[in-house]
Amino acid sequence: MQTTDALTQETIFGVADSVTYSGMLCLAPDGRRYFYAHAQVDGRTLSLPHDHWTSRDAAVRGLAAIASGESKPAVA
């Protein structure tokens, strides 16, 4: 999915288990799914092409969980 198709975009910043993370959170064109156009943990780029969340809060918690190592990115 391309960011130019996103209905909204916002940058998320946080700290989880001593690592810093950030991501460009986007609302999909269908208005029902959130995804990250790009994300970084401690300056390293994450690939999250298959991760989608049904709410903004779930997406923010999802990135924090990935950054802390609590969960892994989705695999196709």
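Annotations for the structure displayed:
- Value at 222 nm in deg cm²/dmol, rounded to 500, when DSSP H runs of n ≥ 4 in the chain each add -39,500 (n - 2.57): -5500 deg cm²/dmol
- Heavy atoms of the protein chains alone define the surface here; on that basis the chain has 62 Å² accessible area per residue at 1.4 Å probe size.
- Estimated FRET transfer efficiency (residue 5, residue 57; beta-carbon r; R0 22 Å; 0.05): 0.50
- Region 41-76: trypsin sites (Lys or Arg not before Pro) in DSSP loop, at most 10 other beta carbons within 10 Å: none
- Note on region 8-76: the C-alpha convex hull projects to 4.2 nm² when averaged across all orientations.
- Helix 56-68 vs. the chain, principal-axis angle (Cα, 0 to 90°, nearest 10): 30 degrees
- For the chain, the carbon plus sulfur part of the accessible surface works out to 49%, probe radius 1.4 Å.
The values are calculated or read from the model by the stated rules, or taken from the named source; none is laboratory data. Please read all numbers here as calculations on a predicted model, not as lab measurements. Positions of Cβ are backbone-derived with ideal geometry, glycine not excepted, and every protein chain shown enters the neighbour counts. Each accessible area value is taken on the protein alone, full model and side chains, heavy atoms only, with ligands, DNA and RNA left out. Shrake-Rupley method; radii C 1.70, N 1.55, O 1.52, S 1.80 Å.
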